[in-house]
Every structure is written in structure tokens, then in C-alpha cells.
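Nothing in this text is a laboratory measurement; each read-out follows from the coordinates by a stated rule. In this text the structure is predicted, and so the values were computed from the model without any measurement. Positions of Cβ are backbone-derived with ideal geometry, glycine not excepted, and every protein chain shown enters the neighbour counts.
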Amino acid sequence: MKVLLFSMQKDTEGLGLKFIHYDLLAQGHDSSILFLPRFHLESVGRRQELKRFIDTHAPGLVGVSLMSQEYEKARILTRFLKEYVPSLPVIWGGIHPTIDPTSCLEEADYVCIGEGEQTMREVCALLDRNQPITGVGNLCYLEQGTLRRNPLYPLLANLDTLPSYEHVAHNSFILHRETIQPLTPQINRHYAPYLGRTYSVLSSRGCPFACSYCCNSLFNQLYQDKKIRRRSVEHVIQELERAIRDYPELKMINIQDDCFLAYNIKQVRQFFAEYNRRIGLPFIVHVIPTYLTEEKM
Ligand code: SF4
């Protein structure tokens, strides 16, 4: 299946979308990402450029990843796509569609709730066989105006089964200076956090807390699960080794886990024994104060 994934974020990080993209590539699908960091469609030139790109790539499926602040851009993009290629199925996913699928279905054909890898695999496999996708887990859609909400797939139990992504994603493009071009490390510097010199990694998913203002409270409710799922130390370190080998300009690692120090002291020691020996770059971690001890510092 030819899939085109759109990132509406203001930068080129998009870790969730990169996970989906690399997972689809590993499943043998022809996936591309188009980053639209400063998106608008106010000029004729931009609209023409987007049409040219759609014509060239001829996707059979579009995925749009968005957070709440990107809703308006996603809406403009989706209306444009539906007007240009009405038959093209558009799935919205990410935090905002998970929170509010009903309003998102005013724009998108389908909304993917929660973790998206399994859903996108199934959708692509079914579309490849010209079969309907209305039974796929995690999908919401409208049927004669009534909201249909399919059951959720279980959360991925073993995150080590997911392929690692690259700092600058393979098969990725960006709207840069009014033209859509392949995303290169040089262009990435204009849009990536820290001038592209920091590699972002997720060694775990989830948070044991449920602060009411945070999407984790909804995820914990949806899945009735507050466990943190962790990748193995070796899987993370191998990804980082590849990143610093392939991108020597990297100067720092940003560990984007919601709470990296929820690891117990034995796990922290095990991780940093390998990290210090094989990676050694300065790093950033996010910490929930209750997990911070002098020993871990
Ligand atoms: S501790 Fe942080 S990541 Fe966890 S639920 Fe609260 S705000 Fe979200």
C-alpha cells in the first residue's frame, strides 16, 4: 500500500509518526512522511505544489497526525485533499483525535484511537486486498451519521518488536521554501529542535500517573492500564549507536520518556553502564519528582 503520512507539528520530530512510518516500511508498505511545519494554503503556488506532490506519490491512504493545537491546520489540509482526490481515505490519529474523535470525524473519514501501529498495519493489509476496513480495531467512523467505535487492540506488549527509526526519516519530505523536497540533514537543521543536533529517543511508553490535564489520564482510562512498557536496554542502546554512527553531528540525546527515572535503581545503573560505555553524549531526561532520588541523580 502506498501511504502518505502528514505531520502537522511545528518541527520535524514527530516520534509517534516515525514509529508508524518505520513499522509500515518494515511490513513492506511504501510509506512516506510529509512534514508541514509552517503550513498554510493561502497561496496558489502552495496549493499547486501540494497537488503536484500528491500526483507524483499517488497515495492509496493518507494518515494525519495531530495534537489539539494542530487541529485547524489538519482541517485545512484534509478539506484540500478531499476536494482534490475525493476517493482518498484519510485517517486522523494522535492525541487530539484520541481525545475527541467525534469532532475530528467532521473532517476525516476515520479516526484512530490510541496506539496506532497495529491499526495501520491492518488497514494497509486490507486496502491492499481491496477489502473494507470498517472492522479494524481502534478505528472510529460515522455510519449514516452514527458514531461507530471499534474495540481497541491490546497495547503492544513488546516494544522491542518495533523497528527503530532514523534521525532524519527515510522517505520523508518537507515543504521548505514553497517547494516540497526530500528532507535532508541540511534542511532538517532549519526545523528540528536544537538545530538537529539532538537525537530524540523513546525507551518506554506510558506513565503510572494520571494527571487530569495530561493525555496519559485518558490513555490509562482507555486501556485500563497504568503500566510503563519498556524497551530492553540493548534495543535502545543499539538504536543510539546507529544514530551517532550515521549522524556524527549529534551532540546530545533527548530521552523523551514521560518518566525515565521510573526505572528502579538497578535498571538505571544497567542502562547507564551501557550508555556511558557505548554512547557517552550528554543527555536530557524527563523526571517526575517523586521518582527522583539522590542515588539516581
Ligand atoms: S506525571 Fe507527567 S506524564 Fe504522567 S500523567 Fe502526570 S503530567 Fe502526564
Point to revise | No Cys partner within the rule (Cβ under 4.7 Å), the chain | key: C104, C112, C124, C140, C207, C215, C259
Review point. In straight Cα distance, which lysines are under 25 Å from K296, not counting same-chain residues fewer than 8 positions off?
Key: K226, K227, K251, K266
Exercise for review: Kindly express, to the nearest 10 degrees and within the range 0 to 90, the angle between helix 71-84's C-alpha long axis and the longest C-alpha principal axis of the chain.
Suggested key: 40
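Which value, in debye to the nearest 20, describes the size of the charge dipole of segment 1-118 about its Cα centre when Lys and Arg Cβ atoms bear +1, Asp and Glu Cβ atoms bear -1, and nothing else is charged?
Numbers: 12 positive and 16 negative charges, 91 e Å.
With only Lys, Arg, Asp and Glu charged at Cβ, the dipole is about 440 debye.
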Check your understanding: How about K73: which lysines have a C-alpha closer than 19 Å to its C-alpha, ignoring those fewer than 8 places off in the same chain?
Key -> K10, K51, K82
Review point. Separation of segment 26-84 and segment 219-297 by C-alpha centroid, Å?
Key: 33
Check your understanding: Which value results for Rg/Rh of segment 93-161 when Rg is the Cα radius of gyration and Rh the Kirkwood radius based on the inverse mean 1/r?
Key -> 0.98
Practice item. At q = 0.14, 0.24 Å⁻¹, work out log10 I(q)/I(0) for segment 199-260 with the Debye formula, treating every Cα as an identical point scatterer and leaving solvent out; two decimals please. Key: -0.50, -0.93
Practice item. Would you mind pulling out the separation of the Cα centroids of segment 134-171 and segment 179-213, in Å? Key: 20
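For the chain, what proportion of DSSP beta bridges, expressed in % and rounded to the nearest 5, is antiparallel?
Values: 12 of 40 bridges.
Bridges in the chain are about 30 percent antiparallel.
Note down the Stokes-Einstein diffusion coefficient of the chain in µm²/s, whole number, using a Kirkwood radius over alpha carbon pairs, 10 °C, and 1.306 mPa s.
Values: Rh = 20.2 Å.
Taking Rh from Cα pairs, D becomes 79 µm²/s.
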Check your understanding: On the first, second and third principal axes, largest extent first, how far apart are the outermost C-alpha atoms of segment 1-109 in Å?
Key -> 36, 32, 27
Point to revise | segment 153-213: chymotrypsin sites (Phe, Trp or Tyr not before Pro) falling in loop per DSSP and having at most 13 other Cβ within 10 Å | key: Y213
Study note, to complete from the structure: Checked segment 143-238 with the C-alpha gyration tensor, a ≥ b ≥ c its square-rooted eigenvalues, rounded below a/c of 1.5, otherwise prolate if a/b is larger than b/c and oblate if not; verdict oblate
Check your understanding: Looking at segment 52-156, which trypsin sites (Lys or Arg not before Pro) are in a loop (DSSP not H, G, I, E or B) and have at most 10 other Cβ atoms within 10 Å?
Key -> R129
Exercise for review: Work out the length of the dipole vector of segment 194-297 about its Cα centre, built from +1 on the beta-carbon of each Lys and Arg and -1 on the beta-carbon of each Asp and Glu, and round it to the nearest 20 debye.
Suggested key: 160
Point to revise | Restricting segment 66-153 to GluC sites (Glu not before Pro) in coil, as DSSP defines it, with at most 13 other Cβ within 10 Å | key: E106
Review point. On alpha-carbon atoms, Rg over Rh for segment 127-185 using Kirkwood Rh?
Key: 1.14
Study note, to complete from the structure: Computed, not fitted: 222 nm per-residue ellipticity of the chain from DSSP H runs ≥ 4 (each -39500 (n - 2.57)), nearest 500, equal to -10500 deg cm²/dmol
Practice item. Would you mind working out the magnitude of the charge dipole of the chain relative to its Cα centre, with +1 at each Lys and Arg C-beta and -1 at each Asp and Glu C-beta, to the nearest 20 Debye? Key: 360
